[in-house]
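Here is the structure we will look at, set down as structure tokens.
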Amino acid sequence: MIIQPAIKSNICVRVHPLGCKENVRRQIEFVKQSGEFKGPKTALIIGGSSGYGLASRIALGFGCKTNTVNVSFEMEPRGATRTGTAGWWNNIFFQQFAKEEGLSFKDFVGDAFSFEMKEVVVDYIKKKYGKIDLLIYSLASNRRTDPRDGVTYKSVLKSIGDEVRGYSIDITSLSLKEEIMEPATEEEINNTIKVMGGEDWQMWVEMLSEAGVLADDFKTIAYTYLGSPATYPIYKDGTIGQAKKHLEQTAAALDNIVKEKYNGEALISSSKAIVTKASIYIPIFPVYGAILYKVMKKHGTHEGEIEQKYRFFKEMIYGNERITDEESRVRPDNLEMDEQVQSEVEDILKSVSNENVREITDIEGFIDDFMKINGFNFDNVDYDEDVDLEELAKLEL
Ligand code: NAI
Ligand code: NA
């Protein structure tokens, strides 16, 4: 099959396996060039197939030889047209590179929210590794079935109170379109908290703890985005922000338990805005992202997911350079939050239009990242090559 990109309403409906491989390879290369550091023996990552979860897995695996167990929800290729999801291929090629490196790893593909998945994973950890030292919670989903009542909740990306007006980026035409973020109902807010809040994270920690598979000094970290006044209306003060607030409350509760039982810690970490499968869905957010890329690249402080996570684990989690805020959140987003950066971003936000979007924002770099997370736009991948999806798709489970 010869795979060309196909974008429909800003979603890449096809992905290129060999480009996904290149994406994983480049992240590994970055870590190897940056050097080893001391980290955890065994980590469980929920959502480790793409974005920040995958970068965490690569930073730990290739940076500290950590054994990594990953739970993700991905689709394998099917038939003549369905290429599978990028995360499916990322898992495959992570495995291939990890094997070459002599690392220990395991993948579970399915619903992390379910009891069944938790049982299988806990059981595996118990038999194979005995204990884990780290649990990363990097899940992004628009729905969750609560295993206790079987009800499926859907999250929404909406504002609270007033509507918010801004622009969205149309990926195929490289242009801006006016976009309105509608205010959510009370029910929508509550459902979003059910999906993206801390309930499931807490269930994981409780099940792992009850099974006796948490090591002394065990750490668990959930990822959040705090952003700046420029993004508050669409993120922190919107529905997703309410879910993240719940995640923070969960962290506080878990921290007490984990401290007492394991002398460990439960942390929230706020990461930098980047292009991922999840973030591209947030209305108005991509424009902020394209501007942020422009400003941070100009200042030489721009980071992709792997640069961000490598620095995070090496310096802030397993090193002595942790940056925290007044709420004890760990802040690898410090470079994004820099005052000068934010003031320049706000200036550009005020003047951006279709006429100047290519000059004053990094819309091209932003979209290039979008193509790359789907396996396209790599100069060293031959996109005319006929790829055998079935042959490539031999994921070890
Ligand atoms: P992503 O879409 O790249 O990754 C989401 C992961 O969750 C994937 O591995 C996917 O397979 C997994 N997943 C989804 N539903 C699942 C299910 N039911 N069972 C098992 N796995 C499931 O997203 P991204 O952006 O890396 O998000 C991860 C975390 O990072 C989120 O908490 C997000 O809020 C946070 N974050 C993201 C930022 C960004 O700019 N992308 C900025 C700051 C924080
Ligand atoms: Na992720």
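The values are calculated or read from the model by the stated rules, or taken from the named source; none is laboratory data. The structure displayed is predicted, hence computed values, not measured ones. Cβ coordinates were reconstructed from backbone atoms using ideal geometry, including for glycine residues, and neighbour counts include every protein chain displayed.
A few notes on this one:
- The criterion of being modelled with pLDDT of 95 or more and within 12 Å of ligand 1 (Cβ to nearest atom) does not hold for Ser279.
- Number of the exception - Tyr232 against (1) more than 12 Å from ligand 1 (Cβ to nearest atom); (2) of a type in the set (Phe, Trp, Tyr); (3) touching a strand residue (DSSP E or B) at 6+ places or on another chain (Cβ under 6 Å): (3)
- Among the candidates Glu163, Glu178, Glu186, residue that is at pLDDT 95 or above, closer than 18 Å to Tyr281 by Cα, more than 16 Å from ligand 2 (Cβ to nearest atom) and acidic (Asp, Glu): Glu163
- Condition check for Thr250: within 10 Å of ligand 1 (Cβ to nearest atom), hydroxyl-bearing (Ser, Thr, Tyr) and in contact with an Asp or Glu (Cβ under 9 Å, 6 or more places away or on another chain): no
- Residue satisfying all of: in region 213-229; among the aliphatic types (A, V, I, L, M) and out of contact with any Ser or Thr (no Cβ under 7 Å at 6 or more places or on another chain); nearest to ligand 1 (Cβ to nearest atom) among these: Ala222
- In region 196-236, residue surrounded by the fewest Cβ atoms within 10 Å (Cβ to Cβ) [restricted to those that are among the charged types (D, E, K, R) and closer than 25 Å to Thr145 by Cα]: Glu210
- In the condition set (1) assigned to a helix (DSSP H, G or I); (2) free of Cβ contacts under 8 Å to residues at least 12 places away in the same chain, Glu344 is compliant with all but (2).
- Residues of region 111-127 that are outside any helix (DSSP H, G or I) and under 19 Å from Thr220 (Cα atoms): Ala112, Phe113.
- Filter result (surrounded by fewer than 20 Cβ atoms within 10 Å (Cβ to Cβ) and either more than 26 Å from Ser141 (Cβ to Cβ) or out of contact with any Pro (no Cβ under 9 Å at 6 or more places or on another chain) (or both)) within region 279-301: Tyr281, Pro283, Lys297, Lys298, His299, Gly300, Thr301
- Scanning region 31-39 for any residue that is modelled with pLDDT of 95 or more, within 14 Å of ligand 2 (Cβ to nearest atom) and buried (at least 19 other Cβ atoms within 10 Å of the Cβ) turns up nothing.
- Here the condition is being part of a loop (DSSP other than H, G, I, E, B) and either under 15 Å from Gly19 (Cβ atoms) or touching a Phe, Trp or Tyr at 6+ places or on another chain (Cβ under 6 Å) (or both); of Gly130, Gly84, it holds for Gly84 alone.
- Residues of region 130-150 that are surrounded by 19 or more Cβ atoms within 10 Å (Cβ to Cβ) and more than 16 Å from ligand 2 (Cβ to nearest atom): Ile132, Asp133.
- Exactly one residue among Ile171, Ile234, Ile189 is aliphatic (A, V, I, L, M) and out of contact with any Pro (no Cβ under 9 Å at 6 or more places or on another chain), and that residue is Ile189.
- Residue within region 100-110 that is in a helix (DSSP H, G or I), farther than 21 Å from Cys12 by Cα, of a type in the set (Gly, Ala, Ser) and in contact with a Phe, Trp or Tyr (Cβ under 7 Å, 6 or more places away or on another chain) present: no
- Within region 373-386, the residues that satisfy the criterion of being under 15 Å from Lys21 (Cα atoms) and surrounded by fewer than 21 Cβ atoms within 10 Å (Cβ to Cβ) are Asn377, Phe378, Asp379, Asn380, Val381, Asp382, Tyr383, Glu385.
- Restricting region 40-84 to residues that are surrounded by fewer than 24 Cβ atoms within 10 Å (Cβ to Cβ) and near ligand 1 (Cβ under 8 Å from one of its atoms), the residue that is nearest to Tyr124 (Cα to Cα): Phe73
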